[in-house]
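Taken together, the values in this text are just the output of simple stated rules run on the coordinates, not laboratory data. Quick caveat: nothing in here was measured; it's all calculated off a predicted structure. Neighbour counts run over all protein chains shown; Cβ positions are idealised from the backbone, glycine included.
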Amino acid sequence: VNLPGADRLTSGSPSPNLACPSIPGVPLMAYCVADVEALFALPFNDLLFKAHSLHRLHFDPNAVQVSTLLSIKTGGCSEDCGYCSQSARYHTGVDSEGLLPLSEVLASARAAKARGATRFCMGAAWRGPKKKDLQPVLEMVRAVKALGMETCTTLGMLKAGQAEQLRDAGLDYYNHNLDTAPEYYGEVISTHGYDDRLDTLGKVRATGLKVCCGGIVGLGESRSARAGLIAQLASLDPAPESVPINLLVRIPGTPLSELPALEPIEFVRTIAVARLCMPTSMVRLSAGRQEMPDYLQAMCFFAGANSIFYGDKLLTTPNPDTDKDRRLFATLGLHPMATEHATTLKANCAVL
Ligand code: SAM
Ligand code: DTB
Ligand code: SF4
């Protein structure tokens, strides 16, 4: 298959596409937005066939990585992200709470492990952690890691040295999303910018932590902006190990609550294009599954999604309950991906 960045598979590094106009303040992209838009425009069957074929080349098509999320610090956030229930600026019914005690976090992680999750992701509604905030989070990371689970945190923007502290405590992944294309970011968020996000992603990568970075669709963005988001993600060098694709959960009280729902087929296209542009990354079918019928999720798995959040809550909104997901896996013949399996596949892909 003739795909943008196919050379990445053989050479191990992206080739900058100099014909593509660069956006001020944003690194030159290896993926041209126009190339990604061309993938979006393919006939649906061709797009899905290409995406699924590439998916099978790199992954067991029936294995899905399973992570559980916990909000360790909910609400009261200083930022104004227009989709978020946790911004202090919107009346969403989500109250501001303090950091959860270690015992509660550990109990949650143990329960997630018992239900079959291999990774535990801890999220905090912060612009970024203050110095005093980080110590208790480091304790949580150490304790969850000691249970034998992979660890992930999403704490907002990091200051110098904080990524190293997290790594040294045993953190495996840091989640920090670019959320949308650079030109649309200011329509959704005004309290921080795209460069701030890229700066934190650079710090995370430089420490050797694995990067979990994706975005949200259904924010009222154009298809071109969806292509722009994927071009940005695929141009991170190396591409993120994990790419969450969130479908906007429309939260009453937020500025984006009244937007129309994204066309389901367009969502499947987004997953397929993410798979094509990031062949060896885990593509996570993230927020929005609660509203997706089984057949739509099945199409997403066929298009190349191979990880989910598992457990009846995301951060503040519902997720399908675990019984429902077990039935879905049984219906589709899917099985949870073992941690070592994911790592080995990634390692194998790196030497292809
Ligand atoms: N405060 C940190 C930050 O902004 O990076 C970490 C938590 S924040 C809630 C993590 C991510 O959740 C956001 O970047 C966004 O992609 C996703 N998210 C938040 N609210 C959402 C919503 N209503 N629908 C879909 N995704 C959402
Ligand atoms: C990500 O990309 N999606 C997750 C996780 N990373 C932190 C969060 C989804 C949040 C959905 C809205 C809520 O539950 O508040
Ligand atoms: Fe705060 Fe993160 Fe929500 Fe933005 S997405 S308001 S930074 S919790």
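Overview of results
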{"read-out": "Relative contact order [Cα under 8 Å, 6+ residues apart], the range 114-267, whole percent", "value": "19"}
{"read-out": "Zero-based 5 Å bins, Cα pair distances in the range 127-212, whole percents", "value": "3, 15, 26, 22, 16, 10, 6, 2, 0"}
{"read-out": "Approximate spin-label separation Asp95-Glu164, in nm, with each point projected 7 Å along Cα-to-Cβ", "value": "4.0"}
{"read-out": "The chain, relative contact order [Cα under 8 Å, separation at least 6], %", "value": "23"}
{"read-out": "Whole-number Å³ per residue for the convex hull built on Cα positions in the range 220-339", "value": "118"}
{"read-out": "Descending principal axes extents, the range 290-331, alpha-carbon based, whole Å", "value": "28, 18, 16"}
{"read-out": "Length added when fully stretched, Asp196-Ala111, from 0.36 nm per residue minus Cα-Cα", "value": "27.1 nm"}
{"read-out": "Dimensions in Å of the chain - Rg and Dmax from alpha carbons", "value": "18.8, 54"}
{"read-out": "Compactness relative to 2.2 N^0.38 Å, alpha carbon Rg of the range 91-134", "value": "1.42"}
{"read-out": "DSSP bridge orientation in the chain - percent antiparallel, rounded to nearest 5", "value": "5"}
{"read-out": "The range 97-181: relative contact order in percent, alpha carbon pairs under 8 Å with at least 6 residues between", "value": "31"}
{"read-out": "19 Å reach of a label modelled at Asp60, 7 Å along Cα-to-Cβ, counting backbone N of the range 263-291", "value": "280-285"}
